[in-house]
Amino acid sequence: MSIKKLLLKSITGRPLRSLALLFICAIMSGAVYGGAVVWASLDNGISSLEKRLGADIIVVPKSAGEKTKLEEMLLQGTVGYFYMDKSVSDELDKIDGVEKQSSQYFLVSASSECCSAKVQIIGFDEDTDISVKPWLQNSYSKRLGQNEIIVGSKLTTKVGQIFKLYGVECKAVGKLESTGTGVDTAVYASSDTVKGLIRAAQSKGISVLSKQSPDDVISSVYIKVREGYDIDEVTAKINLDIDGVQAVRTRSMITGTADKLSVLSAGITILIAAVCILSAVIMLVVFTALANERKGEFALLRVIGFSRARLARQVLGEAFVICVIGALAGIAAASAAVFPFGALIEKKADLPMLSPGILSVTGYALIAFSAVCVTGPLASAYSAYRLSRIDTGRILREGDS
Amino acid sequence: MIITAKGISKSYKRGKGGKGFVQVLSDTDLSIEGGKVYVIYGRSGSGKSTLMNILAGILSPSSGSVSYDGRDIYSLSDRELSALRCLSVGYIPQMHSAVGTLTVRENILLPSAVSEKPVDSARADELIDLLGLTELADVRANVLSGGELRRLSLARALVNSPSVIFADEPTNDLDDECAKLVVQTLHASAQAGAAVVIVTHELFARSDADVVLCMQNSSLVREKG
């Protein structure tokens, strides 16, 4: 029988004890890894959103309500549409500090038309766009033709699929990468396509617009502020000079979300720290108690010829094997919980989630794995030291001098 | 192999609440030769087990030396001394006779796992048969009775064919038949050339011994041989 087999037999021979220790290790690694992945996903979601917005200021009609409405559309995928007169665009040109501006058109698909639920349709001007095109490069680098559509990552529509929106046949020509935001459930088209869809909706008696022509309206304007200008000042000037619109600084739009993330991040950090400390203490107590319980066994091994170093290696080896299995189980369990239920976490946390890349995930897994595989043997190191220095003879005769 | 103990003394610190030291062994000399059975007896707490543990390289003396073929074992490193115990010493403890998570056969083969010698399965099977453990060979040690554990201990002590065998009360709690088997096996080992040191209360073990030593007042008194 080999020393390795002795080590494994010691673990499998005490299933309850081993399972309890495995569970503690799994909890620790699961908390570290799962917490890190959730935190990174939320952080990625916010970063992605910030980048996704692209513009410094977004102008929407005052009737669109509070900025939260737009925030909900962008973050949580709440569908909606609103329009303002196209002349707003000309007025914005007159505002000092506006470097670039691009209009967008919002529309909502009719129920069960193309997808399982209503989806947000966003039309953008390909010539002036500053917020959508950079995100489309990877999925579709050509110019979008009439009735050609790019679909969000969460929609089941496949590239090449033809479907109808308000009776108009549209073709999905590309699919966006996941952003972790509400735009993952939206579809993108050229402004001409969306205008055509608005007309089609009107011809079907769906009153998207009251009297105006789609050519006379826009839903929002994305603005890039000229360098050297204060974004807040430009925002204030737009609100002051142009009637019937509301200018919102994009960063302020996600401040509430970022604050929420900050609170959640602190909570996750505290939770991970508490779980780690608690696990380390439990491991220390369990390994110390086990060392006392197994004194006789280790005294016997000493008599048989185990050196102090080999005995210590045996104790540390047992702890290490348990920690390795426990850590892997914890990482697997956390992966099974975090990734498939990401959408649920997103909904409960009310924050956009974007899973980190495979390298980051591997990195978090390695950190969690290392944390457990270092803590366990460290917790058992004291026991290993004590056991290697036991009075073998005294233990073997149980007090008979 | 010749084991020589010279001027062995051992004192213990008293247990919790006590003060000072207890002198268990005082300036004890002893020479052990292969092919003989040595029996050490004495009242409980007289220091006979302590002496045996010092001779076996498990417990270092407060003063004095123990040599195996002229080599002072307590001047060896822990690794060297452990290797010596593994290859040259067979030890039958009074308690804690087995690793409970291992089967009888695995327990018997433990010394082979520690030493670099190839596993002598044939020798293990021979001892399992000899000591009536055949049916228990694949049974976990934690379900064995006291007598079965004692026989397992004996088999393990003999599996590496050591030069010296130390047995601490090897017949305690055994029925007559079993005790006789254990003593016979130890005597057979002595006949094969090993030195056998038995610490016991049992009178019958003394009668067949080559050398009988009594532990009195922290010293050894030679009564026979």
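For a quick check of your reading of the filter: which trypsin sites (Lys or Arg not before Pro) in region A:76-109 sit in a DSSP loop and have no more than 12 other Cβ atoms within 10 Å?
Working: sites: A:LYS86, A:LYS94, A:LYS100; in loops: A:LYS86, A:LYS94.
Those that pass, being in a loop and sparsely packed, are A:LYS94.
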Neighbouring partner chain Cβ atoms per residue of A:305-313, average, 10 Å criterion
5
Label-point separation in nm, A:VAL281 to B:SER161, each point 7 Å along Cα→Cβ
5.7 nm
Search the structure for amide H atoms under 5 Å from the amide H of B:GLU223, placed 1.01 Å from N in the peptide plane, and list their residues when 5 or more places away or on another chain.
B:VAL212, B:LEU213, B:CYS214
How far, in degrees from 0 to 90, does helix B:146-158 lean away from the longest principal axis of the Cα atoms of chain B, to the nearest 10?
80 degrees
Gap separating the Cα centres of region A:1-49 and region B:110-140, nearest whole Å:
37 Å
Under-30-angstrom lysine pairs by C-alpha in chain B, whenever the two are 8 or more apart or on separate chains:
18
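Once the convex hull of the alpha carbons of region B:45-127 is built, what does its volume come to per residue, in cubic angstrom? Write down the numbers at each step before the final one.
On the way: hull volume 10.9 nm³, N = 83.
Enclosed volume per residue, from the Cα hull, is 131 Å³.
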Taking a crude spin-label model, label points 7 Å out from Cα along the C-beta direction, the B:ARG222 to B:ASP208 distance in nm is 2.4 nm
Suppose we flag trypsin sites (Lys or Arg not before Pro) only when DSSP calls them loop and at most 13 other Cβ atoms lie within 10 Å. Which is the longest uninterrupted stretch of chain B?
B:44-225
Which residue fluctuates the most in chain A, going by a Gaussian network model with Cα springs under 10 Å, if the choices are A:GLU126, A:GLU227, A:GLU148?
A:GLU227
In nm, what is the difference between 0.36 nm times the number of residues separating A:ASP259 and A:THR156 and their Cα-Cα distance?
33.9 nm
Which of B:GLY64, B:LEU174, B:HIS201 sits closest to the plus end of the dipole of chain B, meaning its Cα is farthest towards the positive end, when Lys and Arg get +1 and Asp and Glu get -1 on the C-beta?
B:GLY64
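When the helices in the protein assembly as shown are scored as -39500 (n - 2.57) per DSSP H run of 4 or longer and the sum is shared across all residues, what 222 nm value do you end up with, to the nearest 500 deg cm²/dmol?
-15500 deg cm²/dmol
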Which of B:LEU131, A:GLY45, A:LEU300 sits farthest toward the positive end of the charge dipole of the protein assembly as shown, with +1 on the Cβ of Lys and Arg and -1 on the Cβ of Asp and Glu?
B:LEU131
Per the 1/(1 + (r/R0)^6) rule, R0 = 41 Å and r from the Cβ atoms of A:ALA110 and A:ILE367, FRET efficiency to 0.05 is 0.30
Pairwise centroid distance, computed over Cα atoms, of region B:163-179 with region A:257-297, Å:
49 Å
Within region B:195-209, backbone nitrogen closer than 14 Å to the virtual label 7 Å beyond the Cα of B:LYS180 toward Cβ
B:204-205
Peptide B:108-114: average number of partner chain Cβ atoms within 10 Å per residue?
5
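Report, in order of residue number, the helices in chain A meeting two criteria: a C-alpha extent of 27 Å or more along the helix axis, and a mean Kyte-Doolittle hydropathy of at least 0.5; treat each whole DSSP H run as one helix.
Working: long enough: A:15-53 (54 Å, 0.93); A:250-293 (63 Å, 1.50); A:308-338 (44 Å, 1.37); A:358-388 (43 Å, 1.18).
The qualifying helices are A:15-53, A:250-293, A:308-338, A:358-388.
For the protein assembly as shown, what value does the Rg/Rh ratio take when both radii are computed over Cα atoms and Rh is the Kirkwood radius, given to two decimals? The partial results should precede the final answer.
Values: Rg = 40.9 Å, Rh = 30.9 Å.
Value, to two decimals: 1.32.
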Counting only residues 5 or more apart in sequence or on a different chain, those whose built amide H sits under 5 Å from that of B:ILE92 are B:PHE166, B:ALA167, B:ASP168
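About its Cα centre, how strong a charge dipole does the protein assembly as shown have in debye, to the nearest 20, once Lys and Arg get +1 and Asp and Glu get -1 at the Cβ? Don't jump to the answer; show the numbers that get you there.
Details: 67 positive and 65 negative charges, 280 e Å.
Computed charge dipole of the protein assembly as shown: roughly 1340 debye.
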Nearest 0.05, what FRET efficiency do B:ALA122 and B:SER67 give at R0 = 30 Å with Cβ-Cβ as r?
0.35
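Filter the trypsin sites (Lys or Arg not before Pro) in region A:309-396 to those in DSSP coil with at most 14 other Cβ atoms within 10 Å of their Cβ, and list the result. All intermediate terms of the calculation are to be shown ahead of the outcome.
Details: sites: A:ARG310, A:ARG313, A:LYS347, A:LYS348, A:ARG386, A:ARG389, A:ARG394; in loops: A:ARG389.
Counting only loop positions with at most 14 other Cβ atoms within 10 Å, the trypsin sites (Lys or Arg not before Pro) in region A:309-396 are A:ARG389.
Give, as a single signed number, the net charge of other residues whose beta carbon lies under 10 Å from the beta carbon of B:ALA179, with Lys and Arg counted +1 and Asp and Glu -1.
Details: positive: B:ARG150, B:LYS180; negative: B:ASP173, B:ASP175, B:ASP176, B:GLU177, B:GLU202.
So the environment of B:ALA179 carries a net charge of -3.
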Taking the Cβ of A:GLY326 as the centre, find all other residues whose Cβ is under 13 Å away and add up their charges (Lys, Arg: +1; Asp, Glu: -1).
0
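Read-outs: derived from the displayed coordinates by stated rules, not from any lab. This structure is a prediction, so every number in the text was calculated from the model and none was measured. Cβ atoms come from the backbone with ideal geometry, glycine included; neighbour counts cover every protein chain shown.
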